[in-house]
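The values are calculated or read from the model by the stated rules, or taken from the named source; none is laboratory data. None of these values were measured; they are calculated from a predicted model. Glycine also receives a Cβ, built like all others from the backbone with ideal geometry; neighbour counts cover every protein chain displayed.
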Amino acid sequence: MKVPPPPAGKVKLPAKLSLALLADMLRIRRMEEKCAELYGQQKIRGFLHLYIGEEAVAAGAMRALEPEDNIVATYREHGHALLRGVSMDAIMAEMYGKQEGCSRGRGGSMHLFDAQTRFYGGNAIVAGGLPLAAGLALAAKLQKEKRVTACFFGEGAVAEGAFHESMNLAALWGLPVAYLCENNLYAMGTALERSEAQTDLCVKAASYGMATLKVDGMDVVAVHEAARRAREHAAKKGPIFVEFQTYRFRAHSMFDPELYREKSEVEAWKTRGPIHTFTARLKAQGDLTEERFLELDAAAQAEVDEAVAFAEAGTWEPAEHLTADVYTPQ
Amino acid sequence: MSAITYREALRQALDEALGKDERVFLMGEDVGRYGGTYAVSKGLLEKYGPERVRDTPLSELGFTGAGIGAALGGMRPIVEVMTVNFSLLALDQIVNSAALLRHMSGGQFSVPLVVRMATGAGRQLAAQHSHSLEGWYGHIPGIRIVAPATVEDARGMLAAALADPDPVLLFEYPALFETKGEVSGEKVDIASSKVRREGGRVTIVTYGGCLPKALKAAEEVDGEVIDLRVLRPLDLAPVLESVKKTRRCVVVDEGWRSGGLAAEVMARLMEQAFYELDAPVARVCSEEVPVPYAKHLEEAALPQPEKIVAAVKGLFA
């Protein structure tokens, strides 16, 4: 497989925003590296899907969204939750299964929720969030609210009926929704070209009359610019589909032996890693010193250490509460 | 009080719901311009406009999911999936999203959604259009299942369902659409089962489209007929009370026999009324075949008053 060249970096953002995006990516990276370690120690159980390698998408997109917007995400959503404003403490506690977690320990890694930041989850059914996002957008439209709904999903979702039904509904009804597709080339272990007759995802979305954008998902600046345009389009004109071309450096989940791709391919993509390429670019531009980078990295690491301590100190929801919230108390 | 049809009762309920609450909207296939497959929403498009009586493409999964999203976003959607047969295309959204979201999110997100659908056999529509899967949905925690069997309930249950903060599946029975009844205008609950006919010799438990059949059979055998009304959560208090008196019970359920709702009712009687009973609880369910087209075969596949009478007599053999 041909790996595209490293991000070209034509656009330059204000230094403050650039450093914030770098810090965002570092926070996800350090948090997830720790998650992998904690999984090995069996502190985190169940499925754990790491986002390592794809951080530029969540980072660039989240800073383009507004506080009133709705977010719908997938089971690979730790980074999205974090950058949306869910505290790392609450995310880590959730992965520990503690009641201080953002879903009180009932959801785990795949089901992070947060009403306060309008983070509608962690949906672990591929494409399951897409119709939901259309509905959230419909509610906003009917209530004449300004909010946009941003829906993240992987390219595996485009094979599902829910994708096609949602594209059609969103376009037919002109809904304020941005469908943000993180194309990391593999649906678990199935490569895109092995599962889709049409591998140009924008063509699929465009067939429903959706506006589309195709973006280098390893370039946080390009992502941010695309997401900003996507939000504006969704708010003013209606639905848009954005394909972020990215790559997952780690296995699909912690159970994946990665028999479906060559190590050399992974290594080649790592040369395009969103954090080190952006770091190098910022240094070349004179926006970042090594000292400042180390500060940002240390701050991310400190936040992780605190989050782990918080999760460790967390408590278990009493088993007597098991049936609470199957239904809403009336 | 004047007598109206079950169909008209459903229509009035929709009209009232749309009239009362701006957050309510109806969406589904052919609910608008066509007037509803069963003419239940006739005239509502003209009255409330296309935003609130919203025709959808044939995308059960998509628009049911959109209903869930709209409910999360502050609306009170009524989604119509036309019939239970097509609801299978929306199953993922109903089971994996609507039913789970509140518990899975640690109590943060409720889904105040009503999903309406027609259900049941008896009109020679053959295997793919004759399912009775209410009991199957009743297996799932997190949703409420209601089954109006009377005109009064057809008129009143929608308002109660819309007032519920959680997802409610409302099953409507085309087999009953032409039945007429009085409507009191009182609120109805969606929590309790009700005695529909008093009797002394046997308790007949049923719901939905089988209620008239059970009532007919009861005439012949002095049966006490209990309409479950709500299939999840079940309210068996009136059944237990009745069984104390009759000491015998037959459960009538248009669903298939194995693993069905009737089996659940029987299991609970086993747990809670074993020593009240003078005979094993019996059941009359659909035969375990796809529902056939030919009239005589379809009739043979479904619960019938004669089968109910025979089952009652079997308890005294």
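When only residues in segment B:154-186 that are among the charged types (D, E, K, R) and modelled with pLDDT under 95 count, which is surrounded by the fewest Cβ atoms within 10 Å (Cβ to Cβ)?
Only one residue fits best here, namely B:186.
Across segment B:190-208, what is the total count of residues that are within 18 Å of residue B:158 (Cβ to Cβ), of a type outside the set (D, E, K, R) and outside any loop (DSSP other than H, G, I, E, B)?
Residues in segment B:190-208 being within 18 Å of residue B:158 (Cβ to Cβ), of a type outside the set (D, E, K, R) and outside any loop (DSSP other than H, G, I, E, B): 1 in total.
Please state which one of A:97, A:101, A:108 is within 14 Å of another protein chain (Cβ to nearest Cβ), in contact with an Asp or Glu (Cβ under 9 Å, 6 or more places away or on another chain), crowded, with 24+ Cβ neighbours inside 10 Å and not polar (S, T, N, Q).
Going through A:97, A:101, A:108 in turn, the sole match is A:101.
What number of residues within segment B:196-241 are touching a Pro at 6+ places or on another chain (Cβ under 6 Å) and among the hydrophobic types (A, V, I, L, M, F, W, C)?
Of the residues in that region, 3 qualify.
Condition check: over 16 Å from residue A:118 (Cβ atoms) and surrounded by fewer than 24 Cβ atoms within 10 Å (Cβ to Cβ). Does residue A:85 satisfy that?
It is false that residue A:85 is over 16 Å from residue A:118 (Cβ atoms) and surrounded by fewer than 24 Cβ atoms within 10 Å (Cβ to Cβ).
When the residues of segment B:139-152 are filtered to those that are assigned to a loop (DSSP other than H, G, I, E, B) and within 14 Å of another protein chain (Cβ to nearest Cβ), which remaining residue is nearest to residue A:119 (Cα to Cα)?
Within segment B:139-152, the match that is nearest to residue A:119 (Cα to Cα) is B:142.
Does at least one position in segment B:262-276 carry a residue that is in contact with a Leu (Cβ under 8 Å, 6 or more places away or on another chain), more than 24 Å from residue B:130 (Cα to Cα), of a type in the set (A, V, I, L, M) and at pLDDT 95 or above?
Taking every residue of segment B:262-276 in turn, at least one turns out to be in contact with a Leu (Cβ under 8 Å, 6 or more places away or on another chain), more than 24 Å from residue B:130 (Cα to Cα), of a type in the set (A, V, I, L, M) and at pLDDT 95 or above.
Answer yes or no as to whether residue B:39 is in contact (Cβ under 8 Å) with a residue 60 or more places away in the chain and either out of contact with any His (no Cβ under 7 Å at 6 or more places or on another chain) or more than 23 Å from residue B:160 (Cβ to Cβ) (or both).
No; evaluated as a whole, the condition is false for this residue.
Would you confirm, using the coordinates I've provided, whether residue A:17 is within 28 Å of residue B:74 (Cβ to Cβ) and modelled with pLDDT of 95 or more?
So residue A:17 fails the test.
Quick one: in segment A:158-167, which of the residues that are without any contact (Cβ under 8 Å) to a residue 60 or more places away in the chain and crowded, with 24+ Cβ neighbours inside 10 Å is farthest from the other protein chains (Cβ to nearest Cβ)?
By that ranking, first place goes to A:158.
Results for (1) facing another protein chain (nearest Cβ under 9 Å); (2) closer than 16 Å to residue B:145 by Cα, shown as yes or no for each residue.
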{"position": "B:55", "(1), (2)": "no, no"}
{"position": "B:63", "(1), (2)": "yes, no"}
{"position": "B:75", "(1), (2)": "yes, no"}
{"position": "B:87", "(1), (2)": "no, yes"}
{"position": "B:94", "(1), (2)": "no, yes"}
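List the number of the failed condition for residue A:84; all other conditions in (1) in contact with a strand residue (DSSP E or B) (Cβ under 6 Å, 6 or more places away or on another chain); (2) more than 27 Å from residue A:312 (Cα to Cα) hold.
(2)
So, in segment A:115-141, exactly how many residues are more than 7 Å from chain B (Cβ to nearest Cβ) and free of Cβ contacts under 8 Å to residues at least 40 places away in the same chain?
Of the residues in that region, 3 qualify.
Can you report the number of residues in segment A:206-225 which are within 17 Å of residue A:154 (Cα to Cα) and crowded, with 24+ Cβ neighbours inside 10 Å?
4
Looking at residue A:151 and the list (1) hydrophobic (A, V, I, L, M, F, W, C); (2) within 27 Å of residue A:202 (Cα to Cα); (3) at the interface with chain B (Cβ under 7 Å from one of its Cβ atoms); (4) under 17 Å from the mean Cα position of the chain (by Cα), which single condition is not satisfied?
(3)
Can you find a residue that is facing chain A (nearest Cβ under 10 Å) and surrounded by fewer than 23 Cβ atoms within 10 Å (Cβ to Cβ) anywhere in segment B:28-49?
No, every residue in segment B:28-49 fails to be facing chain A (nearest Cβ under 10 Å) and surrounded by fewer than 23 Cβ atoms within 10 Å (Cβ to Cβ).
Within segment A:168-178, which residues are within 13 Å of another protein chain (Cβ to nearest Cβ) and within 23 Å of residue A:66 (Cα to Cα)?
A:170, A:171, A:173, A:174, A:175, A:176, A:177
Take segment B:168-189 and flag every residue that is out of contact with any Gly (no Cβ under 7 Å at 6 or more places or on another chain), within 28 Å of residue B:99 (Cα to Cα) and in a loop (DSSP other than H, G, I, E, B).
Within segment B:168-189, B:189 is the sole residue that qualifies.
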